[in-house]
Amino acid sequence: MAVKISVRQAINDAIKEEMNRDSNVTIFGCDVGLRGGAFAVTKGLLKEFGEWRVRDTPISEAGFTGIGIGAAATGLRPIVEILYCDWITLAMDQIVNTAAKKRYMFGGKINMPLTIRAPFGGGDGQAAQHSQSFEAWFNHVPGLKVIAPIFPEDVKGLLKSAIRDDNPVIFFEHKLSYTLEGEVPSEDYTIPIGKAKVIREGSDVTIVSYSMMVVKALEAAETLAKEGIECEVIDLRSLLPLDYETIIDSLEKTNRIVVVHEANLRGGMASDIVAEICDRAFDFLDAPPERVGGLNVPIPYCSCLEQLVIPSTEKIKKAVYKALNR
């Protein structure tokens, strides 16, 4: 059986189920308790599990991330919530130099079952310091896993997998996704980290994306289908590890690829993906790979300017046309 729920509810249910399953699962963060988080994602958990397991903390990202690392090293399975992805910068030393390195530096004698949740992305008029997408930074760090799903079923299944994983996982949630609804299995389930999903079959061009840009890629694909162009759309879901096998299988069929992300184009995930595709599957390409990303400027507060910076359905369509030499 399946139930229709929102991404917000999927996250809440995943945390609740894992806290019921394992008494070592705890939550740390600013406002995660009484307020239920800035986006009401953890609402009700304090009442159900108490303040020992749902811990409101001072506004100190480095501090409560450090607490999470210490808790993970000593046997708990903490979930740390960064209020906005933009402020994960304040905990970079803890994440990059401590959490990501602990298992390696201790020769595998300790685990680091730490999940860091970070709402990211723009489109809701929250300006330059509340709208950024930093996922590519963590793709560069050995020892981390990075996840960025968009649909409720994937969000719930992957978050449960992240909580159960013995490695540190950065779990990115797009701020505009919380109200998205979809069917979710009613029984207990997990989704393996590192496996992409073909969510639309096509034969002309492969569009690879993740998080909110998957929604725009699907919109572009449906519009292009009316013109006789059939796009195959792949939702990466996991960014590190990244499922190149699924991408290459699709590319072998379509021979053209467009990679889309919301983050700044310069230094973004698309650059790394395109480089890997050229290295692993160059012979399948009938045209140069195309990249679509945000402009290399701060996210404006003005909504009309913000929409110019963030990739649009039209920009994705233009990239598909270019891949097809149209």
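What the table below lists for this structure:
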read-out	value
Count of residues meeting criterion [open to solvent by 10 Å² or more (accessible area, probe 1.4 Å) and outside any helix (DSSP H, G or I)] in the range 145-172	5
Top-ranked residue of the range 1-45 - restricted to ones that are small (Gly, Ala, Ser) and surrounded by 20 or more Cβ atoms within 10 Å (Cβ to Cβ), ranked as farthest from ILE79 (Cα to Cα)	ALA10
Given (1) in contact (Cβ under 8 Å) with a residue 60 or more places away in the chain; (2) surrounded by 21 or more Cβ atoms within 10 Å (Cβ to Cβ), number of the condition ALA128 does not satisfy	(2)
Failed item, numbered, when GLU48 is tested on (1) crowded, with 23+ Cβ neighbours inside 10 Å; (2) at pLDDT 95 or above	(1)
Any pair with Cβ under 6 angstrom, 6 or more apart, that starts in the range 205-228 at a residue that is over 26 Å from ALA275 (Cβ atoms) and ends at one that is open to solvent by 40 Å² or more (accessible area, probe 1.4 Å) and not β-branched (Val, Ile, Thr)	none
Some residue of the range 107-114 being open to solvent by 40 Å² or more (accessible area, probe 1.4 Å), in contact with a Pro (Cβ under 8 Å, 6 or more places away or on another chain), touching a residue at least 24 places away in the same chain (Cβ under 8 Å) and over 23 Å from SER303 (Cβ atoms)	no
Pairs with Cβ under 8 Å, 6+ apart, first in the range 264-287 and within 10 Å of ALA136 (Cβ to Cβ), second part of a loop (DSSP other than H, G, I, E, B) and of a type in the set (Phe, Trp, Tyr)	MET269/TYR210
Entirely in the range 1-114, the strands (runs of 3 or more DSSP E) that have 1 or more residues that are of a type outside the set (Asp, Glu) and on the phi > 0 side of the Ramachandran plot	25-29
Residue tally, condition part of a helix (DSSP H, G or I), among the small types (Gly, Ala, Ser) and open to solvent by less than 60 Å² (accessible area, probe 1.4 Å), over the range 276-326	3
Hits in the range 115-144 (condition: over 16 Å from GLY293 (Cα atoms) and part of a loop (DSSP other than H, G, I, E, B))	ASP124, GLY125, GLN126, ALA127, ALA128, GLN129, HIS130, HIS140, VAL141, PRO142, GLY143, LEU144
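The values are calculated or read from the model by the stated rules, or taken from the named source; none is laboratory data. Since this is a predicted model, take the numbers as computed values, not measurements. Methodologically, a virtual Cβ is constructed for each residue, glycine included, from the backbone with ideal geometry; neighbour enumeration extends over all protein chains shown. Just so you know, the surface numbers come from the protein's heavy atoms only, side chains and all, with ligands and any DNA or RNA stripped out. Shrake-Rupley method; radii C 1.70, N 1.55, O 1.52, S 1.80 Å.
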